[in-house]
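Below: the structure, in structure tokens.
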Amino acid sequence: MGFLKRLFGTDGVRGVIASELTPLFIAKLAWAIGSYFKEGSRILVGYDYRAGGDAIKNILMGVLVLSGVKVYDAGYTPTPALQYAVKTEGFDGGVMITASHNPPEYNGIKVIGPHGVEVGRDEERVIEEIFWSEKFRVIDWRSAVWSVEKYSGVNDLYVKAILEHVDKDIIVKKGFKVLVDPVNNVGVFTTPRLLRELGVKPVVINGDLNYEPTRPPEPTPETLSNTAQVVKACNCDFGVALDGDADRSIFIDEQGRVYWGDRSAVLLAKHLKLYKNLTGKVYTGVSSSVLVEDILRSLGVEVIWLKVGSVDIAHAMMRAGDALCGFEENGGFMYPPHQFVRDGAMTLALFLEMLATSGRRVSELFSELPEYYIVKKKYPMSRDVAVRIIDLVKEEFKSERLITVDGVKVISRDYWVLVRPSGTEPLLRVMLEAKSEEIAKSILERVESIIKEVIKS
Ligand code: MG
């Protein structure tokens with residue numbers, strides 16, 4: 001099976017609607033997914049608001065019915081809300097139609113297992129094997145369940161469940177004002193409502209599904225510069241920006257400063273440990289900053305470094321059963337008492353609880369974290385060349401601590417650097433954080449001289 005062309009990327013199948021996600025491709029993929037689940041399985045389908053989403057939904061639901069599974073239509077819903085309903089309402093699986101943070105011309109499909117987490121890598125391979133070999137299930141017409149049943153209330157169920165995980169009274173008392181940017185997508189159905197339930201005044205921008213968002217769906221310090229200005233101009237206590245399917249959340253302080261997700265996650269992990277008295281290890285991808293380990297070690301919390309990709313992190317946490325939380329530096333935060341997946345609204349509720357109990361401003365909370373000089377670069381090259389470079393980087397830095405679960409991460413006292421091949425594109429990615437610009441420059445020079453040498457040969 002290993003030689004078959006991969007359909008699944010880091011999280012689900014994605015492609016440009018119509019040209020890559022053609023009608024035939026969508027139908028074949030849906031048939032493979034339907035055939036992967038046992039005949040008669042109850043499958044919950046949800047979708048976000050994207051070009052082509054309705055078309056995919058209609059093809060997918062029709063094909064699933066013809067493949068012999070029972071289809072329930074959850075309507076427009078964030079990915080984590082669909083996942084929560086799959087887990088708690090006794091479904092055998094789910095399908096989410098979304099391209100998450102990808103640009104607007106993309107759409108895609110995530111397949112959810114009965115535990116509410118995206119299916120693992122082995123299950124993806126099974127679906128791909130069915131797709132390529134065309135070993136689809138053909139059912140007897142008498143055994144089909146032709147109707148698709150509406151399954152409403154998924155968003156309500158989700159908001160209610162989140163509220164049970166935080167100290168509502170302590171948040172309500174504060175009367176916070178928070179800016180929400182759901183990038184004109186399904187976060188509008190859950191996030192402002194969650195805030196009102198917590199006595200927070202929501203200021204919503206990019207909150208109308210009838211308009212194109214004014215920023216790309218991926219929340220990053222670069223794409224959120226306008227959003228950040230509004231946080232400050234409206235005198236909000238902080239801002240939160242979501243991605244398209246509302247599983248990622250990126251936070252902005254009252255002064256309009258945007259923070260990467262590993263920074264907010266380390267504060268949240270601290271809150272879980274010190275205020276909520278929870279125990280366990282922290283699971284994160286190697287692309288997260290080493291400051292996570294520096295801060296959490298002093299609290300006696302162990303950090304487990306994993307391959308980049310939320311699906312792998314979620315499955316590792318589920319298998320181990322000892323996680324305090326998990327996260328990615330891109331803003332995906334996972335809180336196991338609620339569910340093992342990235343969850344924008346759950347993260348926001350925890351952030352509010354942390355802020356309410358701290359008695360400080362958001363900028364003050366983040367100012368506890370050490371400042372690093374950050375470099376992120378990418379170099380186009382084939383995977384083979386990237387692998388040769390990584391071997392030489394290991395050799396060059398062999399006297400330092402090395403983590404080699406995904407490329408190589410070098411950890412030293414005054415810097416860390418990660419050199420890894422991209423999971424989805426022919427690129428080598430280099431991420432570096434150092435205590436000063438000079439150290440960053442000298443480390444980058446050492447890495448780049450290896451890159452140049454290998455490319456030259
Ligand atoms: Mg997403």
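The values are calculated or read from the model by the stated rules, or taken from the named source; none is laboratory data. Here the structure is a predicted model, which is why all the values come from computation and not from measurement. Please note: Cβ atoms are built from the backbone with ideal geometry, for glycine as well, and neighbour counts cover all protein chains shown. Side chains are part of the model used for accessible areas, which takes the heavy atoms of the whole protein and leaves out ligands, DNA and RNA. Shrake-Rupley method; radii C 1.70, N 1.55, O 1.52, S 1.80 Å.
Points worth noting:
- Filtered residue count, region 48-61, keeping only those that are open to solvent by 10 Å² or more (accessible area, probe 1.4 Å) and within 16 Å of the ligand (Cβ to nearest atom): 2
- Residues being closer than 17 Å to Ile162 by Cα and either of a type outside the set (A, V, I, L, M, F, W, C) or outside the structural domain of Ala246 (by TED's automatic domain parsing) (or both) - total across region 344-360: 3
- Subset tally (residues that are in contact (Cβ under 8 Å) with a residue 60 or more places away in the chain and either hydrophobic (A, V, I, L, M, F, W, C) or in a strand (DSSP E or B) (or both)) for region 89-111: 9
- Residue list for region 291-334, restricted to those being in a loop (DSSP other than H, G, I, E, B) and within 16 Å of the ligand (Cβ to nearest atom): Val308, Gly309, Glu328, Glu329, Asn330, Gly331
- Filter pass, Val86 being open to solvent by less than 50 Å² (accessible area, probe 1.4 Å), part of a helix (DSSP H, G or I) and either touching a His at 6+ places or on another chain (Cβ under 7 Å) or of a type outside the set (Lys, Arg) (or both): yes
- Number of residues in region 221-236 that are modelled with pLDDT of 95 or more, open to solvent by 10 Å² or more (accessible area, probe 1.4 Å) and not basic (Lys, Arg) equals 8.
- Candidate set from region 338-362 (those that are more than 24 Å from the chain's Cα centre (by Cα) and either hydroxyl-bearing (Ser, Thr, Tyr) or not in a loop (DSSP other than H, G, I, E, B) (or both)); member that is farthest from Gly116 (Cα to Cα): Ser358
- In region 336-366, the residues that are closer than 17 Å to Met317 by Cβ, open to solvent by 10 Å² or more (accessible area, probe 1.4 Å) and away from the ligand (no atom under 16 Å from the Cβ): Pro336, Pro337
- Selection from region 114-136 of residues that are surrounded by fewer than 20 Cβ atoms within 10 Å (Cβ to Cβ), assigned to a loop (DSSP other than H, G, I, E, B) and not aromatic (Phe, Trp, Tyr): Pro114, His115, Gly120, Glu134, Lys135
- Of all residues in region 210-229, exactly one satisfies the criterion of being in contact with a helix residue (DSSP H, G or I) (Cβ under 9 Å, 6 or more places away or on another chain) and within 14 Å of Ala246 (Cα to Cα), namely Pro219.
- Residue tally, condition away from the ligand (no atom under 16 Å from the Cβ) and either assigned by TED's automatic domain parsing to the domain that holds Pro78 or under 20 Å from Glu353 (Cα atoms) (or both), over region 221-242: 6
- Selection within region 376-403: residues that are open to solvent by less than 80 Å² (accessible area, probe 1.4 Å) and in a loop (DSSP other than H, G, I, E, B). The member of this set that is farthest from Val454 (Cα to Cα) is Glu400.
- So Gly239, is it part of a strand (DSSP E or B), free of Cβ contacts under 8 Å to residues at least 60 places away in the same chain and buried (at least 22 other Cβ atoms within 10 Å of the Cβ): no
- Among the candidates Thr88, Thr77, residue that is under 17 Å from Val154 (Cα atoms) and within 16 Å of the ligand (Cβ to nearest atom): Thr77
- Some residue of region 17-36 being at pLDDT 95 or above, within 16 Å of the ligand (Cβ to nearest atom), under 14 Å from Thr98 (Cβ atoms) and in the same structural domain as Glu124 (by TED's automatic domain parsing): no
Yes/no matrix, rows are residues, columns are (1) within 18 Å of the chain's Cα centre (by Cα); (2) under 24 Å from Val178 (Cβ atoms); (3) among the acidic types (Asp, Glu):
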site	(1), (2), (3)
Asp243	yes, yes, yes
Ala246	yes, yes, no
Glu254	no, yes, yes
Arg257	no, yes, no
Ser264	yes, yes, no
Lys270	no, yes, no
Val301	no, no, no
Leu306	yes, no, no
Arg319	no, no, no
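- Check on Ile439, more than 16 Å from Leu402 (Cα to Cα), in contact with an Asp or Glu (Cβ under 7 Å, 6 or more places away or on another chain) and either at pLDDT 95 or above or open to solvent by 20 Å² or more (accessible area, probe 1.4 Å) (or both): yes
- Region 243-279 - residue that is within 16 Å of the ligand (Cβ to nearest atom) and in a loop (DSSP other than H, G, I, E, B) and, of those, nearest to Met334 (Cα to Cα): Asp247
- Given (1) open to solvent by less than 40 Å² (accessible area, probe 1.4 Å); (2) within 16 Å of the ligand (Cβ to nearest atom), index of the condition Leu64 fails: (2)
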